[in-house]
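Just so it is clear, none of the values below were taken in a lab; they were calculated from the coordinates. Predicted model, so just to flag it, every value in this text is computed and none were measured. Note that each Cβ is placed from the backbone with ideal geometry, even for glycine, and that neighbours are counted across all protein chains shown.
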């Protein structure tokens, strides 16, 4: 695994042995960031179920203002911390080792919204997908997102996510081998409303 572009371009990333952690492939990461390219510099990026941190570190490499990592599996956490240390990344990120629920609580207290959310749970964990996407589609979750935010879910190419989770609408599906990316954005009508849904 390596960083595709940016200030840490071509640097190698560590991953734990075994099949418990499934890092996003270099090829898929390149595809993601080709799509996100105009958005990344200066953005506020959330990497949920971060594993080795490859996606969030790629965002940092390309100029993201701040990245929030959420991961609570010990082998993946060790790799994530090792990767940040090896690249001497000491600021511009928050690492939550209690997992996704804890980071969502933390994000809810931010004064500035986030621009990109990336989630990559274990492919078989249907409840993690639906729970996280429903959260960001809720009134509380929508308040965390900027007006033109993107929520991207990596999942099995054989799985099909719902077309809508609260105010989040499915806008794009991209398949690459065994993996797929589903893109979600706040519904057009919601972009013109305050986050609390008021007039």
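Some observations on this one:
- Listed peptides 130-138, 86-94 by packing density, highest first (mean Cβ within 10 Å): 130-138, 86-94
- Ordering of 114-124, 47-57 by burial proxy (mean other Cβ atoms within 10 Å per residue, highest first): 47-57, 114-124
- With contacts taken as Cα pairs under 8 Å at a separation of at least 6 residues, the chain carries a relative contact order of 16 percent.
- Cα gyration tensor of segment 1-113 - equivalent ellipsoid semi-axes, whole Å, descending: 19, 19, 12
- Angle in degrees between helix 126-137 and the longest Cα principal axis of the chain, rounded to the nearest 10: 50
- Dimensions of segment 128-193 along the principal axes, based on C-alpha atoms and rounded to the nearest Å, stand at 38, 20, 16, largest first.
- Whether segment 54-123 is rounded, prolate or oblate, judged on the alpha carbon gyration tensor where a/c under 1.5 counts as rounded: oblate
- Here the simple spin-label model places points 7 Å from the Cα toward Cβ, and for residue 147 and residue 97 these points are separated by 4.0 nm.
- For segment 1-96, the relative contact order comes to 29 percent (Cα pairs under 8 Å, sequence separation of at least 6).
- Spacing of the modelled spin labels on residue 27 and residue 14, each 7 Å from Cα toward Cβ, amounts to 2.8 nm.
- Whole-angstrom gap from segment 1-70 to segment 90-119, using each part's C-alpha centre: 15
- log10 of Debye I(q)/I(0), alpha-carbon scatterers only, for segment 77-157 at 0.15 Å⁻¹: -0.65
- Taking 0.36 nm per residue of separation and subtracting the Cα-Cα distance, full extension of the segment from residue 130 to residue 175 would add 14.3 nm.
- Working note: Cα gyration tensor of the chain, eigenvalues times five, square-rooted, sorted largest first, giving semi-axes of 25, 19, 16 Å.
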